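This report concerns only the one structure given below.
The values are calculated or read from the model by the stated rules, or taken from the named source; none is laboratory data. If you're wondering where the values come from, they're calculated on a predicted model, not measured in any experiment. In this analysis, Cβ positions are derived from the backbone assuming ideal geometry, glycine residues included, and neighbour counts consider all displayed protein chains. For accessibility, only protein heavy atoms count, side chains too; no ligands or nucleic acids. Shrake-Rupley method; radii C 1.70, N 1.55, O 1.52, S 1.80 Å.
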Amino acid sequence: MTIRNVRDHGQRYRPRMECLKKVEAVMLEMQDPKTGVKSQPQRLVITTIPHVITGEDIVTWLANRYSIEKEEACSLGTMLVAFGYIYPIQDHKRLVIKPDASLYRFQTPYFWPAQQWPVEDTDYAIYLAKRNIRKKGMLEMHEQEQYNSLHKWMNHKWDFIVMQAKEQYRAGKERKKPDRVVFDCQERAYWVVHRPPPGTISAMDYGLERMVDPNTEEKQTSDYFRRIIIFTQQSIMRPRVKSSVSIGALVKYSITYYKHDPFLTPCLPSNSWVTDDVTFWMLNMTNVETPTKMRVERWTFSFGELLSDPRGRADFRLFLKKEFSGENLAFWEACEDLKWGTAATMNEKAQQIYKTFLARGAPRWINIDGKTMEVTVKSLKHPHRYVLDAAQTHIFMLMKKDSYGRYLKSPVFKDTQKRAIDPNPHRFSVTQLEANARKRRPSLSPIIVRQQEEEERARMATSGPVDITQLCRFTAPVPHLAVYSGPLSSPPFPICLPHTPACPSPISVTIDSTPSDRRWEDGGGAGEREAVDQEGRGMAVSSRSRVALSLGRLLRRGCNPSTVFASLSPKCPAPAGTSSRVQPISTDQTIQAPPRSIANFFQIKVDIPPECRIYPIDSEDEEESGGASKGIGGEGETEGQVKEIICPWECLTPHQGAG
Amino acid sequence: MNRWQKSVDEIQTRKRQVKECERALESLSKVIACFQQMATSVGSNLDGSFLREEMDKTRAFAHRICTGLHKKLVPLLTREMEHGPEEREQVERLWVLFLTGLEQLQQDLYKFSELIDRFPLRGRNDHHSLVKTGSSGGVSGVIALAAAIQTSWLAVEGEQSPDLKMHITQIDSLIKEMLQKVSIPFWTVEATQEAWAEAAQSSDAVQDQDESLEDMMEVDVVSQDAKMSGCCHPTNCKLGCMLCLFT
């Protein structure tokens, strides 16, 4: 007995098989003694078998009946053969119509392809067993393989299969010789169509199975008419384009992509689906070192092509890195991540993106126009998947108009182009093709592939910043933040920072890339620290102790250290949302002035070693002398500045629990 | 003594019953094969009312065998205590094979019913649309074969054979009922035959016939000139066939 799929309620309607009904109508027309296809008897040595037809006759009949050209009739005829309604007598493995004197015969309706049920493996097993009996074990390669695998899977009913094969064989022998020949040809043709030998292309490749029979006539209820009405109403409302324009676009597309379409131009070295040789796939893997020439050519077609190919994107990233404008691409990737990521992480991601790219004084501030920025920030109050769409489009167009052109002329691209490989086409003989088919192996499991991708991402995240814009010599991220916890007992800081796979690497890089915020002064002496005053130019504190002191001050100002630093940690998004604040762009906060000092302040980057920290340290309070009150008092105005980066929508939402 | 005698009798009865079931299964297999062979002619130029009547008869026959076998097999399985493990295995195997046979029959009946709907054979025009498949002989040999199937073990059944559609639904319900009644994990059943064994078993007498059959199928290659005839070399001349291929 067969293992029945529990969910299969007999609903196996295969959508591409809809045409079968029409094909059958054609077949029946062909049978008409007066107007159908002329058939002749085929003379064999000892007998004559009637009803054989030539390819030429079929093609001519089709051309006349449907008033079509010969080529179209040929392809229609090939379709009939590929479906199994007509089978070739010579060269039975190639399911095509040859419009010459090659012989064909009609298939008996029992062996016609049926839409309602797929072809059962049990039947195939019986057929193979029968063939085995007849040919005494001399089956073809692929048949042998199938036999062995079926024997393994159908072991429980194998006895019945063999019994049935013998009985069918015996029953077949009861017929007259010419009929036996015909029947054997029919059966063989049936199985060539439904279990094609390697190298045969049959039409039985259909897509997913549907629940509803597409061939049934739909009942014309009011629902049906309502749908038609809605459809036509919407069609009227659709915007229109001149056909010359749309056709022009189609033509242009076809011309551009002609050589890249595997159906129209053979793949180099060979189409893996056809020859079972995986070189083509290996050469075009995601993170291959040298891409193929065709792939590189595709990148020149449009910016979208470049970005959608991961290897192209990597190349572009490299180019942008050299040009120090990697934040655009990073922002774009972050937006993509937001759009396609899980809903649970969306809020945090949106916040991270805002803090990293959009906020005033963000580390990787991108340059979008004021209106878009306004709209985006406003809608970030209620973040959803597409909240950054406008900004992303803007950045996309920016990159496309500006960087893309330069990329195509850059030495990076030219180098890649030069090194791209152009493989020679394979020429496999039939035996080699069979050998290839035997050597087929499954590829890496998707679990492993995903693990590799995550490792890759982790490596990229820790490998350092993409942008090298700082004067500061410390550009490597410092992973350990426990240093900054200070003396206060605070909720334990996660020392081992989990790398969130959801967050792409761009966010994890917190290196300031905005020139305007460059306030680093390299390890200045103590004297320079005087410069810090209410205007608050940032100072580099060169000693760890000073940082500790200033930190102490910070702590006493009431900032919860762990949250401050945690919030600024790129790798710890969870507590980030709790109390990190960027000064909102809305005018709620009056403390906008002096903007520069604040801007400097917001460059807190935890990953940079302490020497580069800028803290709004009052010049007077350099030396920690317990001037806590002084610190607090003096900093009255900068009290607000000491606030963490606020995401504007945070004003409206209550504190989330500490991460 | 009495008990021992009874148990021996019982064992013998059981063995007999199992043997009968096996033979019944073989007959079922034969009938299914004959039915299938006849079904391949439906819709072709051999189709006709005669063929369909014969098919109905065969179908009724199959129905009788099925019900008979079902009646015999179920009690064998439901009486669990008295079987030795080997016998149990055998009966389970028969059960699984019976179910497979039923499914095969059901499938053929589905196809048959579809074909009948498509080729109704009512008027003259319908006869014109029968597919010219090249068959010329009839299926009388097959019919004779079907008739020759022995059913001595089958008690005379007075049942009416059902209508085609009814038959299909009946088999369906029969299968379902069988699956529910006795739960046998069918993956525990193993084949008694080795793979590729059936090739070695075929007798030599038919070898010549089969070879020529293969030749006829292969030799259908026509030479490239416009002749329609097949190869004109004598039979069994393989060399000749090769030459024919190359002309």
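One table, with the values for the structure above:
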read-out: Residue selected from the stretch A:101-139 under the condition more than 30 Å from B:R118 (Cβ to Cβ) and more than 8 Å from chain B (Cβ to nearest Cβ), by the criterion surrounded by the fewest Cβ atoms within 10 Å (Cβ to Cβ); value: A:M138
read-out: Residues satisfying the stated conditions in the stretch A:155-165, i.e. out of contact with any His (no Cβ under 7 Å at 6 or more places or on another chain) and either of a type in the set (F, W, Y) or more than 7 Å from chain B (Cβ to nearest Cβ) (or both); value: A:F160, A:I161
read-out: Selection count where residues are loosely packed, with under 15 Cβ neighbours inside 10 Å and assigned to a helix (DSSP H, G or I), scope the stretch A:407-424; value: 6
read-out: Of all residues making up the stretch B:103-127, the number that are at the interface with chain A (Cβ under 8 Å from one of its Cβ atoms) and not aromatic (F, W, Y); value: 7
read-out: Filtered residues of the stretch B:107-129 (kept if among the basic types (K, R) and open to solvent by less than 90 Å² (accessible area, probe 1.4 Å)); value: B:K111, B:R118
read-out: Close pairs from the stretch B:30-51: first of a type in the set (D, E, K, R), partner modelled with pLDDT of 90 or more, Cβ under 6 Å, at least 6 apart; value: B:K30/A:E167
read-out: Odd one out for A:A461, checked against (1) under 26 Å from A:T292 (Cα atoms); (2) surrounded by 10 or more Cβ atoms within 10 Å (Cβ to Cβ); value: (1)
read-out: Hits in the stretch A:14-27 (condition: modelled with pLDDT under 85 and either over 47 Å from the mean Cα position of the chain (by Cα) or open to solvent by 50 Å² or more (accessible area, probe 1.4 Å) (or both)); value: A:R16, A:E18, A:K21
read-out: Meets criteria (of a type in the set (K, R), at the interface with chain B (Cβ under 10 Å from one of its Cβ atoms) and surrounded by fewer than 20 Cβ atoms within 10 Å (Cβ to Cβ)) for A:K70; value: no
read-out: Test: B:L51 is under 26 Å from A:I161 (Cα atoms) and surrounded by 14 or more Cβ atoms within 10 Å (Cβ to Cβ); value: no
read-out: In the stretch A:191-201, the residues that are open to solvent by 20 Å² or more (accessible area, probe 1.4 Å) and in a helix (DSSP H, G or I); value: A:H194
read-out: Hey, B:A62 at pLDDT 90 or above, part of a helix (DSSP H, G or I) and within 27 Å of B:T100 (Cα to Cα) or not; value: no
read-out: Test for A:R175: is it surrounded by 20 or more Cβ atoms within 10 Å (Cβ to Cβ), outside any helix (DSSP H, G or I) and within 8 Å of chain B (Cβ to nearest Cβ); value: yes
read-out: Enumerated helices (runs of 4 or more DSSP H) restricted to the stretch A:286-359, each holding at least 1 residues that are open to solvent by less than 40 Å² (accessible area, probe 1.4 Å), in contact with a Gly (Cβ under 8 Å, 6 or more places away or on another chain) and at pLDDT below 90; value: A:346-353
read-out: The one condition in (1) modelled with pLDDT of 85 or more; (2) within 26 Å of A:K157 (Cα to Cα); (3) within 14 Å of chain A (Cβ to nearest Cβ) that B:L51 fails to fulfil; value: (2)
read-out: Count - residues of the stretch A:28-59 that are more than 7 Å from every other protein chain (Cβ to nearest Cβ) and buried (at least 17 other Cβ atoms within 10 Å of the Cβ); value: 9
